[in-house]
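Single-structure report; data block below.
The values are calculated or read from the model by the stated rules, or taken from the named source; none is laboratory data. Note that the structure is a prediction, hence the values are computed from the model and not measured. Cβ placement follows ideal geometry from the backbone for every residue including glycine, while neighbour counts extend to all protein chains displayed. These area figures cover heavy atoms from the full protein model, side chains too; ligands, DNA and RNA do not enter into them. Shrake-Rupley method; radii C 1.70, N 1.55, O 1.52, S 1.80 Å.
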Amino acid sequence: MQKIVTPGGETLVVLPLSDYERLLDAADIAVASKVRGDIAAGRDEMVPAALVTRLLAGENPVRVWRRHRGLTGRALAASAGIGAAYLSEIETGRKEGSLAVMKRLAEVLSVDLDDLV
């Protein structure tokens, strides 16, 4: 390792490529370990590629997540405290859904609000 001080006073470090690559590998392993821990603790989940494909294709996220969770429209609507017709309008894009309703849907579906909007 070699230290270099720039004219502006910043200290830079030069190290062998193999050392740099080991640092990158260690950082990648740490991130992967955190993700595995979050999944094991229930703070995160793995989702099937098919679900991601449907979302990327533009399908309504409420409907995609509802079906992924194995809920009927009536069950989700009841759990979120809304009418089944209102949920249908949200899922078909005829209505956007208020922020309060979208928050409740996200709660019931165990996803972040950002996953639905």
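Filtered by the rule that a residue be closer than 23 Å to residue 87 by Cβ and of a type in the set (A, V, I, L, M), region 36-67 gives 47, 50, 51, 52, 55, 56, 57, 62, 64. Annotation: of all residues in region 71-116 being in a loop (DSSP other than H, G, I, E, B) and under 21 Å from residue 43 (Cβ atoms), the one that is most open to solvent (accessible area, probe 1.4 Å) is 112. Figure legend. Inter-residue proximity from region 50-67: first residues more than 17 Å from residue 95 (Cβ to Cβ) and in a loop (DSSP other than H, G, I, E, B), second residues aromatic (Phe, Trp, Tyr) and open to solvent by 60 Å² or more (accessible area, probe 1.4 Å), beta-carbon distance below 9 Å, spacing 6+ or different chains. No pairs are indicated. Please enumerate the residues belonging to region 36-76 that are among the charged types (D, E, K, R) and within 22 Å of residue 97 (Cα to Cα). Matches in region 36-76: 54, 59, 63, 66, 67, 69, 74. Sub-8 Å Cβ pairs linking a first residue in region 25-40 that is open to solvent by less than 90 Å² (accessible area, probe 1.4 Å) to a second residue that is outside any helix (DSSP H, G or I) and at pLDDT below 95, at least 6 apart or interchain, are 35/44; 38/44; 39/45; 39/46, ordered by first then second residue. Would region 83-103 turn up any residue that is in contact (Cβ under 8 Å) with a residue 24 or more places away in the chain and of a type in the set (Gly, Ala, Ser)? Scanning region 83-103 turns up at least one residue that is in contact (Cβ under 8 Å) with a residue 24 or more places away in the chain and of a type in the set (Gly, Ala, Ser).
Going through region 52-68 one residue at a time, which ones are surrounded by fewer than 12 Cβ atoms within 10 Å (Cβ to Cβ) and of a type in the set (Phe, Trp, Tyr)? Give the derivation first.
Taking region 52-68 as the starting set, the residues that turn out to be surrounded by fewer than 12 Cβ atoms within 10 Å (Cβ to Cβ) are 52-53, 56-58.
Residues satisfying the conditions do not exist here.
The one condition from (1) at pLDDT 95 or above; (2) open to solvent by 80 Å² or more (accessible area, probe 1.4 Å) that residue 49 does not meet is (2). Considering the conditions (1) closer than 30 Å to residue 93 by Cα; (2) open to solvent by 60 Å² or more (accessible area, probe 1.4 Å); (3) part of a loop (DSSP other than H, G, I, E, B), residue 7 is excluded by exactly one of them, (1).
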